[in-house]
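**Q** Before I ask anything, let me first share the structure, which is written out below as structure tokens.
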Amino acid sequence: MQGNLYLSFVQEITNENLMTIEEVNEAYSDFQKELQFTRTEMDRLKSGEADLVIPLFLPIDIDSYQKEHILVCVKTLMRLIDTDLYIDKAEWTESADADGVACQEVQGDAHATLIFGGKEKSLLAIANKFAGEEFETVDADALDACAELINCINGMFATDCSPKLNIDMIPPVYQEGKKQITGKKICKLPVYIFGQEVDVISAFNEPINIEGV
């Protein structure tokens, strides 16, 4: 996310006669109303700066360390997996379903859990790119690749937090098959990677259970 991507995008689609500037402005207004963004928030969105954009899609009442955890996660996915990924609005939930999960916890001064979950084969968008292979199914090898990426993400998060928080990483794990993730306060962020929806699921100082369905 460098330069003014919004202006470049508008220029490109108008030059190609895909939309008129009036249609762009109308779509811009509709998007702002749909997501209930203020003018200041829309300016942050247009900046293309990940540190300004990603928090716009997170719950207002999210813990600052949990927000940082998700920021590190999404920025790492952008850097290592798909530079053109995009995200949707996150939500608090008490349950989420997935066809296979990769998961890791960190513990110490704080307890945080980070999970990748997907529907059908969507986790292959991460696994194939990160492992440099072409997995055909979300099997143990594919999920192991996802878990290793989470391990990298949590390593960076632990380093960033080290001046203030003393946390250690528990070895990552994965589970094949249909799973239900439950907890009192789970943040679920849809991330679209190569067009596939992957759920980044986060909990902070709250236990999470993963069970088969």
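**Q** Looking at ALA142, ALA125, ALA112 in this structure, which one is in contact with a helix residue (DSSP H, G or I) (Cβ under 6 Å, 6 or more places away or on another chain), touching a residue at least 60 places away in the same chain (Cβ under 8 Å) and small (Gly, Ala, Ser)?
**A** It is ALA112.
**Q** I'd like to check which helices (runs of 4 or more DSSP H) are fully inside region 5-119 and have at least 3 residues that are of a type in the set (Ser, Thr, Tyr).
**A** It comes to 5-15, 64-80.
**Q** Hey, another quick one. How about region 153-213: which strands (runs of 3 or more DSSP E) wholly inside it have at least 3 residues that are touching a Ser or Thr at 6+ places or on another chain (Cβ under 7 Å) and surrounded by 14 or more Cβ atoms within 10 Å (Cβ to Cβ)?
**A** Here the list reads 173-193, 196-204.
**Q** Give GLN66, GLN36 a once-over and let me know the one that is out of contact with any Pro (no Cβ under 8 Å at 6 or more places or on another chain), among the polar types (S, T, N, Q) and not assigned by TED's automatic domain parsing to the domain that holds LYS129.
**A** Exactly one of GLN66, GLN36 is out of contact with any Pro (no Cβ under 8 Å at 6 or more places or on another chain), among the polar types (S, T, N, Q) and not assigned by TED's automatic domain parsing to the domain that holds LYS129, namely GLN36.
**Q** Inside region 91-132, can you point out the residues that are among the aromatic types (Phe, Trp, Tyr) and surrounded by 16 or more Cβ atoms within 10 Å (Cβ to Cβ)?
**A** Matches in region 91-132: PHE116, PHE130.
The values are calculated or read from the model by the stated rules, or taken from the named source; none is laboratory data. Being a predicted model, the structure only gives us computed values, none of them experimental. Cβ sites come from the backbone with ideal geometry, for glycine too, and all protein chains shown count toward neighbours.
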